[in-house]
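Each remark here refers to the structure printed beneath this line.
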Amino acid sequence: MSLNKKLVEFRKKIKANHTKVITSIIGDHSVNICIFCGENENLTREHVIPQWVYDRCTKRTFITTTNKNAQTYNKTAVPACQNCNNSILGELERFLTHKFNEVDLQSQYFTDDEINKIILWLEIIEYKFHVLDLRRNLNKVQGSEYIPYIGKMPIAMFQGPMDQSPSKVFSNLRNALKTLSVKSKAVKHNSLCILRTTNPDFHFFHSTNNFIFIELAQYNVAFFYFYKQVFSSSDEAATLAKEIVQKEYSGTGT
């Protein structure tokens, strides 16, 4: 089956099982079902950030901005059925890595269809983070005392404004999954910044509901994607993305 046909199947599975999946996750944040289709058999560990992105290095970590704690990439996983994980998402990632290796941004660019698939991939990562942050407790915020009541609450409850309600967290989760069932990403093309990079190492940072930056040194390409914002031009998005990246690398980012 071709990748496009698999993605049609993926979208249909999400639409058919959306309510079941979200209701199950809200009812039990650690429920052991496929987070995409709700299947409860043949489950696998779907890494939130694919292992090939960070060269399968088990020592690499990322910082959770909410509590400032480090977590290793390889242990950051959510449940997904074998079909969704290995057949559909695996095929999507194989397609993308082939394109990342094939397209030289010095003289070429990605097609609209390829950009749609890159955006889908980044939106899948966002949805996985929504699920992950409901499954992880806040625990101790670095530099602060541990407060048992707060520490046992999901990280997701602290990702937005201080007055953000649980219903808003669940609404964001619901919308993140629904987004994956949308075929065309044309309206969001300007929200994706693609640049050629010569940095020798992988870099990543992410803000739930806001943006993601992922730099793939092995392919000399980096992506900055705004999850919610829509821009009238790619230059407008690039200007804002540059400001955020500069703040992040200067150590003043949030």
Those residues of region 106-122 that are in contact (Cβ under 8 Å) with a residue 24 or more places away in the chain and not in a loop (DSSP other than H, G, I, E, B) come to a total of 9
Note: among ASN74, ASN67, just one is within 22 Å of PHE36 (Cα to Cα) and at pLDDT below 75, namely ASN74
Considering region 224-253, residues that are free of Cβ contacts under 8 Å to residues at least 40 places away in the same chain and among the hydrophobic types (A, V, I, L, M, F, W, C), and then whichever is surrounded by the most Cβ atoms within 10 Å (Cβ to Cβ), we arrive at PHE224
Residue pairs within 8 Å by beta carbon, gap of at least six or interchain, first lying in region 207-218 and of a type in the set (Ser, Thr, Tyr), second buried (at least 20 other Cβ atoms within 10 Å of the Cβ) and not in a helix (DSSP H, G or I), listed first then second, are THR208/GLN159
Going through (1) within 30 Å of GLY27 (Cβ to Cβ); (2) assigned to a helix (DSSP H, G or I); (3) hydroxyl-bearing (Ser, Thr, Tyr); (4) at pLDDT below 85 one by one, TYR146 fails only at (2)
Scanning region 24-33 residue by residue, those surrounded by 14 or more Cβ atoms within 10 Å (Cβ to Cβ) and within 14 Å of PRO166 (Cα to Cα) turn out to be ILE25, ILE26, HIS29
Of HIS189, HIS130, HIS203, the only residue that is at pLDDT 85 or above, buried (at least 20 other Cβ atoms within 10 Å of the Cβ) and closer than 30 Å to THR97 by Cβ is HIS130
Can you confirm whether region 27-41 contains a residue that is modelled with pLDDT of 95 or more and part of a helix (DSSP H, G or I)?
-> no
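The values are calculated or read from the model by the stated rules, or taken from the named source; none is laboratory data. Being a predicted model, the structure only gives us computed values, none of them experimental. FYI the Cβ positions are ideal-geometry reconstructions off the backbone, even for glycines, and counts take in every protein chain you see.
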